[in-house]
1. Can you go through R120, R136 and tell me which one is on the phi < 0 side of the Ramachandran plot and either among the charged types (D, E, K, R) or in the same structural domain as G77 (by TED's automatic domain parsing) (or both)?
2. Any idea which of (1) closer than 29 Å to N58 by Cβ; (2) without any contact (Cβ under 8 Å) to a residue 60 or more places away in the chain is the one T135 doesn't satisfy?
3. So in segment 1-34, with the set limited to residues that are in contact with a strand residue (DSSP E or B) (Cβ under 8 Å, 6 or more places away or on another chain) and free of Cβ contacts under 8 Å to residues at least 60 places away in the same chain, which one is surrounded by the fewest Cβ atoms within 10 Å (Cβ to Cβ)?
4. Can you find, within segment 55-78, the residue that is farthest from P210 (Cα to Cα) among those that are of a type in the set (A, V, I, L, M, F, W, C) and surrounded by 24 or more Cβ atoms within 10 Å (Cβ to Cβ)?
5. Tell me, which strands (runs of 3 or more DSSP E) wholly within segment 81-184 include 2 or more residues that are crowded, with 16+ Cβ neighbours inside 10 Å and over 14 Å from the mean Cα position of the chain (by Cα)?
Amino acid sequence: MAFILNIETSTKNCSVGLSKDGICIALKEENNGDYSHAEKLHVFIEELLKEQNLKIANLDAIAVGKGPGSYTGLRIGVSTAKGLAYAANLPLIAVDTLKCLAKTITIEHGVVVPMIDARRLEVYSAIYNTNYQKTRAVEAQIIDENSFQEILNDQPVYFLGDGAEKCKEIIIHDNANFIASKFPSAKEMSQLSENQFNNNLFEDTAYFEPFYLKDFIVTPQKKK
């Protein structure tokens, strides 16, 4: 039973939500096709708390999407969450971004494959059953015509997220369903962060780092 501030910035969706007892009671998010987290995140947090007549000290925990996802987006979200948690002496909760994305849809049969764009033909993905239990670990994988074919032969597969859009022309199968307009959101974080709060699944605020999955690579500028 907790008031939790949920922060999700691993994709282009800059999302902040306030949950009470696992239910999202207020939400502010923006997905304008660009990464506006540095400009929007703190504004959203301040507005959300002001509208609910709350201060950081009134909260029970801070939750943040831990990744995988955008290196810059994750750094902004995690550094903000850590700063708030440390300053107010609140526990820090790290939520699996792909599970948060998976929970944006409900299916009765088959599996859900949330995908976050990792540039070129690569995606970050995992596989979840109808109860959102992970049946295949998170991977950074390069998509080709053979990807997921074995599981597609057995059941419907629902690919969703900004990584799914670029896979439609590559993964061809009657059981393949693509839902590209879904992004991880603080709304779906609400029940996940509540469950972790109730089970005392907290991070070490000083040492916690995002789950990048891959090393950040800086591309050198071309010489003129």
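1. Testing whether each residue is on the phi < 0 side of the Ramachandran plot and either among the charged types (D, E, K, R) or in the same structural domain as G77 (by TED's automatic domain parsing) (or both) leaves just R136.
2. Tallying (1) closer than 29 Å to N58 by Cβ; (2) without any contact (Cβ under 8 Å) to a residue 60 or more places away in the chain, T135 fails exactly one: (1).
3. Of all residues in segment 1-34, those in contact with a strand residue (DSSP E or B) (Cβ under 8 Å, 6 or more places away or on another chain) come to 2-11, 13-20, 24-31.
Those left that are additionally free of Cβ contacts under 8 Å to residues at least 60 places away in the same chain: 3, 14, 18, 20, 25-26, 28, 30.
Details: F3: 16, C14: 28, L18: 23, K20: 16, I25: 13, A26: 18, K28: 19, E30: 17.
Result: I25.
4. I62
5. Numbers: elements: 92-96, 111-117, 122-128, 134-142, 157-160, 176-179.
Where strands (runs of 3 or more DSSP E) fall fully within segment 81-184 and carry at least 2 residues being crowded, with 16+ Cβ neighbours inside 10 Å and over 14 Å from the mean Cα position of the chain (by Cα), they are 111-117, 122-128, 157-160, 176-179.
The values are calculated or read from the model by the stated rules, or taken from the named source; none is laboratory data. Note that the structure is a prediction, hence the values are computed from the model and not measured. Glycine gets a Cβ as well: all are built from the backbone with ideal geometry, and neighbour counts include every protein chain shown.
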